[in-house]
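Here the structure comes first, spelled out in structure tokens, and everything after it is commentary.
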Amino acid sequence: MLNESEKASYRALLALKDRDYRAAAGFFKAAENQFTDNPELHILKEATELLLAVKDEIFEIENDRIEIEEMLINGKETEFRG
């Protein structure tokens with residue numbers, strides 16, 4: 001029988017397989033006490049958290065990106081809007 005920490009680890013691996021990184025990070029967090037004996041799981045947990053941080057940063061940059069429109073009047077740049 002698997003303990004709760006081991007179940008969470010397996011769920012994290014399944015979530016990674018399904019590319020559900022947020023769920024995987026949550027399951028890894030629930031299984032943290034198992035990582036003392038399993039450095040591979042610790043590396044996967046850290047890599048998943050890093051991936052999420054990068055994905056979140058990219059999302060923010062894409063959503064907060066300032067788009068500049070050139071307003072052309074008579075062939076001249078007259079105004080920039082952000």
Original post:
Given the conditions (1) free of Cβ contacts under 8 Å to residues at least 12 places away in the same chain; (2) at negative phi, which single one is not true for residue 19?
Top reply: (2)
Original post:
Within segment 1-54, can you find the residues that are of a type in the set (Phe, Trp, Tyr), surrounded by 15 or more Cβ atoms within 10 Å (Cβ to Cβ) and assigned to a helix (DSSP H, G or I)?
Top reply: 21, 27, 28
Original post:
How many residues does segment 24-82 contain that are at pLDDT below 75 and either among the small types (Gly, Ala, Ser) or within 30 Å of residue 5 (Cβ to Cβ) (or both)?
Top reply: 2
Original post:
In this structure, is residue 18 out of contact with any Phe, Trp or Tyr (no Cβ under 7 Å at 6 or more places or on another chain) and at pLDDT 95 or above?
Top reply: yes
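The values are calculated or read from the model by the stated rules, or taken from the named source; none is laboratory data. All values reported here derive from a predicted model rather than from experimental measurement. Glycine gets a Cβ as well: all are built from the backbone with ideal geometry, and neighbour counts include every protein chain shown.
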